[in-house]
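Peer 1: One structure follows; several queries about it will come next.
Values quoted throughout were computed directly from the atomic coordinates according to the rules given, and no laboratory measurement underlies them. Note that the structure is predicted; figures quoted are calculated from it, not measured. Here Cβ is always computed from backbone atoms with ideal geometry, including for glycine, and neighbour counts include all displayed protein chains.
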Amino acid sequence: MKQLANRFTARFGMAGAIASAMLFAFPAFSQDSRLSLADRVSRLEQQAQRDQGGVGMVNQMQQLQEQVRQQQGRIEELQHQLQQLEDKNKAQYVDLDSRIGRLEGGNAGGAAGAAPTTSAAAPTTSSSAAAGNPTQGQGSNADPASVQAAYDVAFKALRGGDYAAASRDFRSFVQQYPNESLTPNAYYWLGESYYVTMNYPVALEAFQQLLKQFPQSEKAPDALLKVGYSQYELKQVDAAKATLTEVGAKYPGTNAANLAKERLQRIQSVN
């Protein structure tokens with residue numbers, strides 16, 4: 001009986017020790033759990049802040065990327081416009097150079113440096129009378145050397161690229177010498193000096209004046225061609241088409257007619 005009681009007491013004591021150990025361990029376990037949960041919440045809050053910051057940065061980056069795309073589009077547009085302007089200017093200068101070359105070579109453009117071979121006492125054999133100009137062939141009191149010298153000054157400025165001086169000198173020439181053999185050429189190059197600097201209204205006026213005063217001049221086909229060019233640059237598209245068509249019909253087989261045909265094709269491809 002006493003042994004049984006001792007065994008019971010030992011078991012009860014062991015159970016109590018285990019229970020006590022559990023009671024002491026539970027608060028520590030609960031505290032560790034609470035601290036772990038607080039840490040997790042803190043980490044979640046920090047993560048949320050980082051995520052919000054990241055979203056803001058992403059939005060800013062997207063806005064910057066859109067601005068960059070817009071700027072790139074604008075740059076490409078400006079580059080395209082610049083290229084068109086450069087092509088246009090290049091074509092104008094090539095056209096001018098080719099005409100000066102023909103003029104110097106004595107082709108359809110006429111010889112710029114050729115002095116008149118007749119005197120004022122024999123106007124009926126002058127180049128202007130042979131061209132059928134009704135306002136010429138009636139005699140001139142101008143000294144041929146002076147006429148040639150004035151023309152050479154203007155043409156030299158044109159060849160040197162001083163278009164302001166060239167236009168001024170050619171205008172002075174046609175005013176001082178309205179009925180000379182070089183006057184049609186002077187009107188033509190007056191128009192060119194304005195055309196190459198994109199002063200199309202004044203260029204058009206000069207070319208039209210040549211055609212009005214000297215319809216049979218060797219410069220008439222080129223002048224009519226440049227009337228069409230000038231009209232197109234002035235946005236007079238229908239008038240330009242009609243003029244360029246007239247060049248081909250009136251002067252078939254000429255270089256002016258070929259250029260008119262090419263320009264018509266380009267105009268029709270964009271209009």
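Peer 1: Over the Cα atoms of segment 162-231, how large are the radius of gyration and the largest Cα-Cα distance (Dmax), in Å?
Peer 2: Taking only Cα atoms of segment 162-231, I get Rg and Dmax of 10.7, 29 Å.
Peer 1: Just order 172-183, 152-163 by mean Cβ neighbour count inside 10 Å, highest at the front, would you?
Peer 2: 172-183, 152-163
Peer 1: Let me ask something additional. Could you grab the relative contact order for segment 151-226? Cα pairs under 8 Å, six or more apart, rounded to a whole percent.
Peer 2: Worked out over segment 151-226, it gives 23 percent.
Peer 1: Treat each spin label as a single point 7 Å out from the Cα along the C-beta direction, and report the Gln71 to Met198 distance in nm.
Peer 2: The modelled label-to-label distance comes out at 2.7 nm.
Peer 1: If you don't mind, another one. Could you compute Rg(Cα) / (2.2 N^0.38 Å) for segment 144-265, with N its residue count?
Peer 2: Computed over Cα atoms of segment 144-265, the ratio equals 1.04.
Peer 1: Per-residue HN-Hα couplings for segment 235-244, Karplus 6.51 cos²θ - 1.76 cosθ + 1.60 at θ = phi - 60°, whole Hz, x for Gly and Pro?
Peer 2: Result, rounded to whole Hz: 6, 8, 5, 5, 5, 5, 4, 5, 5, 5.
Peer 1: Quick check: pseudo-label points 7 Å beyond the Cα along Cα→Cβ at Asp39 and Thr245, how many nm apart are they?
Peer 2: 9.1
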